[in-house]
Amino acid sequence: KEPAATIVEKLKDVTSYEGEDAVFECRLSRETTQDAQWFLGDVPLQSNEMNEIRVQGMRHTLILRKVTLEDCGSISFKVGQHTSAA
């Protein structure tokens, strides 16, 4: 069983204007096969035309495309027992 990854670089608060992209980044202690999940409020996010979710090694990135006022709120990233929010 692989050791659990921890969040070593937490999310930072982002301020965006309507129509801009908002970018959130998190870095883990190690590459992992554990499920990592992004949330807007309590809603899990999937990669689609409005949200781009990237994983490059230990770096996990969420890009919210052309944000609107409805996108305002708390973004969180969870992996295992660890959570970071912005």
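Just so you know, all these numbers are worked out from the coordinates, no wet-lab data involved. Treat the numbers as computed from the prediction; the structure is a model and nothing was measured. All Cβ positions, glycine included, derive from the backbone under ideal geometry; neighbour counts span all protein chains shown.
Report, by residue number, each residue of the stretch 48-72 that is touching a strand residue (DSSP E or B) at 6+ places or on another chain (Cβ under 6 Å) and loosely packed, with under 13 Cβ neighbours inside 10 Å.
Arg54
Looking at the stretch 33-47, which of the residues that are in contact (Cβ under 8 Å) with a residue 40 or more places away in the chain and assigned to a loop (DSSP other than H, G, I, E, B) is surrounded by the fewest Cβ atoms within 10 Å (Cβ to Cβ)?
Asp35
Are any of the residues in the stretch 13-27 outside any loop (DSSP other than H, G, I, E, B), hydroxyl-bearing (Ser, Thr, Tyr) and touching a residue at least 12 places away in the same chain (Cβ under 8 Å)?
Restricting attention to the stretch 13-27, the residues satisfying the condition of being outside any loop (DSSP other than H, G, I, E, B) are 22-27.
Restricting the remaining residues to those that are hydroxyl-bearing (Ser, Thr, Tyr) gives none.
No.
If Glu70 passes every condition in (1) in a strand (DSSP E or B); (2) free of Cβ contacts under 8 Å to residues at least 12 places away in the same chain; (3) not basic (Lys, Arg) but one, which one does it miss?
(1)
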